[in-house]
Every structure is written in C-alpha cells, then in structure tokens.
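Student: My questions will all concern the structure given below.
The values are calculated or read from the model by the stated rules, or taken from the named source; none is laboratory data. Just so it is clear, the model here is predicted, and its values are computed rather than measured. Neighbour counts are summed over all protein chains in view; Cβ atoms, including those assigned to glycine, are modelled from backbone coordinates with ideal geometry. The area values use the complete protein model at the heavy-atom level, side chains included, leaving out ligands, DNA and RNA. Shrake-Rupley method; radii C 1.70, N 1.55, O 1.52, S 1.80 Å.
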Amino acid sequence: MASRDSVLIDITPEVLLKAYACGIFPMAEGADDPALYWIEPERRGIIPLDRFHVPGRLARTVRSDCFTVFVDRDFDAVITACAEPAPGRARTWINGRIQQLYRKLYERGDCHSVEAYDGDRLVGGLYGVCLGRAFFGESMFHLARDASKVALVHLVARLKVGQYRLLDTQFVTDHLRTFGATEVPRPAYHKLLDAALVGAGNFEALPLDRPVPGRAALAVLNKG
C-alpha cells in the first residue's frame, strides 16, 4: 500500500519517527521526483537476529579485516553513495528530500551508518533508523566485493550486543536471503514491531570511536 504526499507538506524528523512506529516508511519514485510515497507493504522483510547466517566465505573475509569498519564516520558519504545508480539499479528511490530528512535524523542520533573502508577509501556501507529496540535498514552500497556484506555483519553484531529485537529490511532480495532474511505478513510484522518498541536498544554497546575487529563481531554472532 502506498500513498503520495503533497510536495508542500513538511515532513519533520518527528513525523518520520511516528511513521516508523506505525510500520510506514517513505520512498520517492526517483531521484528527480520531489514527492514521497508512504509505503506499508503487505509482506515485510526482516532478518531474524537470532537466525542471522554468515556464509563461510564471507566469514573468512570478515575475520581477515581486509575492510576496516567504522560507525557514523561519514554518514553523508554513505547516503550519497546509496543514492547513486549502480549495476542492476539504474534508478534510485532516494531523492534530495529523503537525504535531508535522514541527515536530520542522524544529527539527532536516530539514524546511523556502518561503513567499510579499504585504507582511507569508503568502499561500502549502509544506513538505517533506530527506534526503541528496532533497527530499520534503509539502503546499502558497495564499490568493492563484499564490502556492504561485511558492514551488515558488523551491524548485526552491534544490534545483538545492544539488545535489539527487530532488524527490518523493508523488502527481501536474493542478496538478503543469504543472511536469513524472510517475509512476514503485515499483522505479524506489527506484532514484532510493537514488541520491539518497548524499551530502548543500545547502539553504543560496541565502541563507536574505534573499529571492532572482525573476529570480535563474529564471536558475538556465534554465541547464538
């Protein structure tokens, strides 16, 4: 289900967070379309945190620390990269209005980025919204093989240590299925969401000021 807002309506960070609490999120039809659609899918993508799966080859990549993973080091660069066309994605749903909104959420501490670097070069990452004990994944990008996947592994480790209960992916792709992503009907999603909005997760349960080694992230996930 989707409804289109007026270009003139001012969507504030507070309105955006209330929408997430109701199971709704915004998208644009294209980068050049200033209007937003409010989306509430019939079936919602999630990754169950207790069943997150790391394929063996990826685990070796994470363990090798060939990418250094930082949190909130360059949020603007991440959302800008997520808005760029990519192979298999000629169009993007992230317009300038969305970028401004989520930057405001980031400034409030309600939105975070997880970033993978090759040396000093940002080569992959993701960003999403925190609310209660839910994390709503918005978008991810990569310029090097496995870079966004490594960022996702580090995100899930952080969410598990921080006592989060829900990782929302909005939709499910073949890429996300390899990690255990699944679809749930809207009523079931709302039950999961309501439970996750009770209490508050701790996104800082793992350090923010320095990289977490890949072995440490995998150790968290292997605890089950």
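Student: If each Cα of the chain is one equal point scatterer, what is log10 of I(q)/I(0) from the Debye formula at q = 0.18, 0.19 Å⁻¹?
Tutor: Values returned for q = 0.18, 0.19 Å⁻¹ are -1.48, -1.66.
Student: Another question, if that's okay. Report, by chain and number, residues whose modeled amide H sits under 5 Å from the one on residue 123, excluding near sequence neighbours (fewer than 5 apart, same chain).
Tutor: Amide H neighbours of residue 123: 116, 117, 118.
Student: Then there's this: Using the Cα gyration tensor of segment 156-211, with a ≥ b ≥ c the square roots of its eigenvalues, what is the shape: rounded (a/c below 1.5), prolate (a/b larger than b/c) or oblate (neither)?
Tutor: Cα axes put segment 156-211 in the oblate bin.
Student: Does segment 70-144 come out rounded, prolate or oblate, given a ≥ b ≥ c as the square roots of the eigenvalues of its C-alpha gyration tensor, rounded meaning a/c under 1.5 and, failing that, prolate meaning a/b above b/c?
Tutor: The shape class here is oblate.
Student: Can you tell me the accessible area per residue over the chain, all protein chains present, probe 1.4 angstrom, in square angstrom?
Tutor: Values: 10550 Å² over 224 residues.
For the chain, the solvent-accessible area averages 47 Å² per residue.
Student: Oh, and also: Could you sort 44-51, 203-210 so that the peptide with the highest average Cβ count within 10 Å comes first and the rest follow in order?
Tutor: Taking the mean over residues of other Cβ atoms within 10 Å, the ranking is 44-51, 203-210.
Student: Okay, next question. Taking 0.36 nm per intervening residue step and subtracting the Cα-Cα distance, what contour gain separates residue 178 from residue 222 on full extension?
Tutor: So the extension gain works out to 14.2 nm.
Student: Looking at the chain as a GNM with Cα springs under 10 Å, which of 130, 111, 22 has the largest mean-square fluctuation?
Tutor: In this elastic network of the chain, the residue with the biggest mean-square fluctuation among 130, 111, 22 is 22.
Student: Still on this structure, I have one more. Quote to one decimal, in nm, the extra length available between residue 215 and residue 60 on full extension: 0.36 nm per residue of separation minus the C-alpha distance between them.
Tutor: Numbers: separation 155, 0.36 × 155 = 55.80 nm, distance 0.94 nm.
Going from the current span to full extension adds 54.9 nm.
Student: Kindly express, to the nearest 10 degrees and within the range 0 to 90, the angle between helix 186-196's C-alpha long axis and the longest C-alpha principal axis of the chain.
Tutor: 60 degrees
Student: Turning to a different aspect of this structure: Taking the mean number of other Cβ atoms within 10 Å as a proxy for protection, how do you rank 150-160, 186-196 from highest to lowest?
Tutor: 150-160, 186-196
Student: Another question, if that's okay. Once neighbouring chains are kept in place and the probe is 1.4 Å, which whole percent of the accessible area of the chain is contributed by carbon and sulfur?
Tutor: Heavy-atom surface of the chain belonging to carbon and sulfur, 1.4 Å probe: 52 percent.
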